[in-house]
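Novice: Once you've had a glance at the structure underneath, I'll fire off some questions.
The values are calculated or read from the model by the stated rules, or taken from the named source; none is laboratory data. What you see is a predicted model; the values in this text were computed from it and never measured. Glycine gets a Cβ as well: all are built from the backbone with ideal geometry, and neighbour counts include every protein chain shown. Protein only, heavy atoms only, side chains kept; ligands, DNA and RNA dropped before computing areas. Shrake-Rupley method; radii C 1.70, N 1.55, O 1.52, S 1.80 Å.
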Amino acid sequence: MNNARPRRNRKSNAIRSMVRESSLTAADLIAPLFIIEGSGLNVPVESMPGQSRFSPDLIVKEASELFDLGVPCVSLFPALEDGLKDSVASESTNPDGLLQRTVKMLKEALPELMVMTDVALDPYSSDGHDGIVDHATGEILNDQSLDVLANMAVAQARAGSDIVGPSDMMDGRVAFIRKALDEEGFQNVSIMSYTAKYASAFYGPFRDALDSAPKKGDKKTYQMDPSNSREALLEMQLDEKEGADILMVKPGLPYLDILSEMRNHTHLPLAVYNVSGEYAMVKAAAERGWIDGEKVMLEMLTSFKRAGADMVLSYFSKEAAQLLRQV
Ligand code: PBG
């Protein structure tokens, strides 16, 4: 006779809270923020309802509201004018450039906030690629890109960045960046590596926000093939050896299996990036009244914790933190 009755553990809110295996708190969240030049500017991103490009002064305001809600970290992405972009991402190392200036302002205003900065050429590149493009062949040049990435990471560290996040997927970049940071005395700057970053169509709205879509071709020679899973473990082993502090999976929702697989094979903390397209889908369906946007958001964020993430980069961070505070 089978007398198991799993429903006993679901009979009341109290007992459900006792047997709950994973939970979501504001401290799990990292808020990506888009920066534009100027002051007092809040320019909505059309394909991401509720998200804006902020000028540096308003970034400080937004980050301080997030921090007060318990969100410990922001990840910054600069949206540059075309005139500042070139084929070798020169603007990325400008100590007075938009990103570096914003990092300084943030760390002065909110020293306890963790400021993370993205390391990849695309926001600064006239080609819209994460590495340097050989214009004769269209190839994305790995080793030539490493110098640019390392210089970018050092410039960000010098401005006060606490965590650099290489999102470029060039081979060997974690070790290269670690060495450059250490040589410049930035032993305490962490590396959150975009370990398993897939060549995904879910990045569309983000590329709208930064106007950073590739001018030619796609990112399939460096970002991973969505069909692959073992390859994520290979990337993971390399990032561990190269000295990454935190490993990331991206996108989130369609790659929960990758997250869970990585959880079973590493002792390092794991992050997941709930990307722009995932955000846009929820917002669009909720606007039509086809789903309950708030409930779907919380279910989605909880699924990342259940699958093994220690932290979640999400455009929902503020909304979720506000809701979590009420309950
Ligand atoms: C750039 C970068 C991308 C995202 C984060 N860093 C876009 C891309 O690789 O084309 C996407 C984030 C999102 O869609 O929310 N290296």
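Novice: Looking only at region 270-303, which residues are within 13 Å of the chain's Cα centre (by Cα) and in a loop (DSSP other than H, G, I, E, B)?
Specialist: Once the filter is applied, which keeps residues that are within 13 Å of the chain's Cα centre (by Cα) and in a loop (DSSP other than H, G, I, E, B), region 270-303 yields only Val275.
Novice: Which of (1) surrounded by fewer than 21 Cβ atoms within 10 Å (Cβ to Cβ); (2) under 16 Å from Pro49 (Cα atoms); (3) within 16 Å of the ligand (Cβ to nearest atom) does Met297 not meet, given it meets every other one?
Specialist: The failed condition is (1).
Novice: Further question: In region 93-148, how many residues are more than 27 Å from Asp57 (Cα to Cα) and of a type in the set (S, T, N, Q)?
Specialist: Residues in region 93-148 being more than 27 Å from Asp57 (Cα to Cα) and of a type in the set (S, T, N, Q): 4 in total.
Novice: Right, here's the next one. Report every pair of residues separated by at least 6 positions or lying on different chains whose Cβ atoms are under 6 Å apart, first residue within region 115-140 and of a type in the set (Ser, Thr, Tyr), second within 16 Å of the ligand (Cβ to nearest atom) and modelled with pLDDT under 95.
Specialist: That search, which allows pairs on different chains as well, returns nothing.
Condition check ((1) within 16 Å of the ligand (Cβ to nearest atom); (2) closer than 22 Å to Gln223 by Cα; (3) crowded, with 18+ Cβ neighbours inside 10 Å) across all residues:
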{"position": "Pro78", "(1), (2), (3)": "yes, yes, yes"}
{"position": "Ala89", "(1), (2), (3)": "yes, yes, yes"}
{"position": "Ser92", "(1), (2), (3)": "yes, yes, yes"}
{"position": "Pro95", "(1), (2), (3)": "no, no, no"}
{"position": "Leu106", "(1), (2), (3)": "no, no, yes"}
{"position": "Pro123", "(1), (2), (3)": "yes, yes, yes"}
{"position": "Val133", "(1), (2), (3)": "yes, yes, yes"}
{"position": "Glu139", "(1), (2), (3)": "no, yes, no"}
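Novice: Something else: From Ser47, Ser64, Ser17, Ser75, grab the single residue that is of a type in the set (Ser, Thr, Tyr) and assigned to a loop (DSSP other than H, G, I, E, B).
Specialist: Answer to the selection: Ser47.
Novice: Determine whether Ala286 is buried (at least 16 other Cβ atoms within 10 Å of the Cβ), over 23 Å from Glu65 (Cα atoms) and without any contact (Cβ under 8 Å) to a residue 24 or more places away in the chain.
Specialist: Here the answer is yes, as Ala286 does meet what is asked.
Novice: Additional query: When you scan region 170-189, do you find a residue that is more than 23 Å from Asn228 (Cα to Cα), open to solvent by less than 30 Å² (accessible area, probe 1.4 Å), within 16 Å of the ligand (Cβ to nearest atom) and free of Cβ contacts under 8 Å to residues at least 40 places away in the same chain, even just one?
Specialist: Checked against the condition, which is being more than 23 Å from Asn228 (Cα to Cα), open to solvent by less than 30 Å² (accessible area, probe 1.4 Å), within 16 Å of the ligand (Cβ to nearest atom) and free of Cβ contacts under 8 Å to residues at least 40 places away in the same chain, region 170-189 yields no hits at all.
Novice: Also: How do the pairs read when you match residues in region 210-226 that are more than 11 Å from the ligand (Cβ to nearest atom) and at pLDDT below 90 with residues anywhere that are part of a loop (DSSP other than H, G, I, E, B) and open to solvent by less than 10 Å² (accessible area, probe 1.4 Å), using Cβ under 9 Å and keeping only pairs 6 or more apart or on different chains?
Specialist: Asp211/Gly128
Novice: Go through region 304-314 residue by residue and tally those that are open to solvent by less than 10 Å² (accessible area, probe 1.4 Å) and either within 15 Å of the ligand (Cβ to nearest atom) or part of a helix (DSSP H, G or I) (or both).
Specialist: The total comes to 4.
Novice: Yes or no: Val60 of a type in the set (Val, Ile, Thr), at negative phi and without any contact (Cβ under 8 Å) to a residue 12 or more places away in the chain?
Specialist: no
Novice: Now, a different point. Please name all residue pairs, on different chains or six or more residues apart, with Cβ atoms under 7 Å, provided the first residue is in region 238-266 and is free of Cβ contacts under 8 Å to residues at least 40 places away in the same chain and the second residue is surrounded by 16 or more Cβ atoms within 10 Å (Cβ to Cβ) and assigned to a helix (DSSP H, G or I).
Specialist: Close Cβ pairs (under 7 Å, with a partner that is surrounded by 16 or more Cβ atoms within 10 Å (Cβ to Cβ) and assigned to a helix (DSSP H, G or I)) amount to Glu261/Ala232; Glu261/Leu233; His265/Leu233; His265/Met236; Thr266/Met236; Thr266/Glu240.
Novice: Please go through region 252-277 and give me each residue that is within 15 Å of the ligand (Cβ to nearest atom) and surrounded by fewer than 23 Cβ atoms within 10 Å (Cβ to Cβ), ordered by number.
Specialist: Matches in region 252-277: Leu253, Pro254, Gly277.
Novice: Still on this structure, I have one more. Of the residues in region 32-41, how many are outside any loop (DSSP other than H, G, I, E, B) and in contact with a Lys or Arg (Cβ under 8 Å, 6 or more places away or on another chain)?
Specialist: The total comes to 2.
Novice: Can you list residue pairs whose Cβ atoms sit under 6 Å apart, with the first residue in region 12-33 being charged (D, E, K, R) and the second being surrounded by 10 or more Cβ atoms within 10 Å (Cβ to Cβ)? Count only pairs 6 or more apart in sequence or on different chains.
Specialist: So the pair list comes out as Arg16/Arg10; Asp28/Met311; Asp28/Val312.
Novice: Within region 27-50, does at least one residue satisfy the condition of being closer than 26 Å to Glu299 by Cα, more than 16 Å from the ligand (Cβ to nearest atom) and among the β-branched types (Val, Ile, Thr)?
Specialist: Taking every residue of region 27-50 in turn, none turns out to be closer than 26 Å to Glu299 by Cα, more than 16 Å from the ligand (Cβ to nearest atom) and among the β-branched types (Val, Ile, Thr).
Novice: For a quick check of your reading: which helices (runs of 4 or more DSSP H) sit entirely within region 152-245 and have at least 3 residues that are within 22 Å of Ala31 (Cα to Cα)?
Specialist: Numbers: elements: 173-183, 204-210, 230-242.
Answer list for region 152-245: 204-210.
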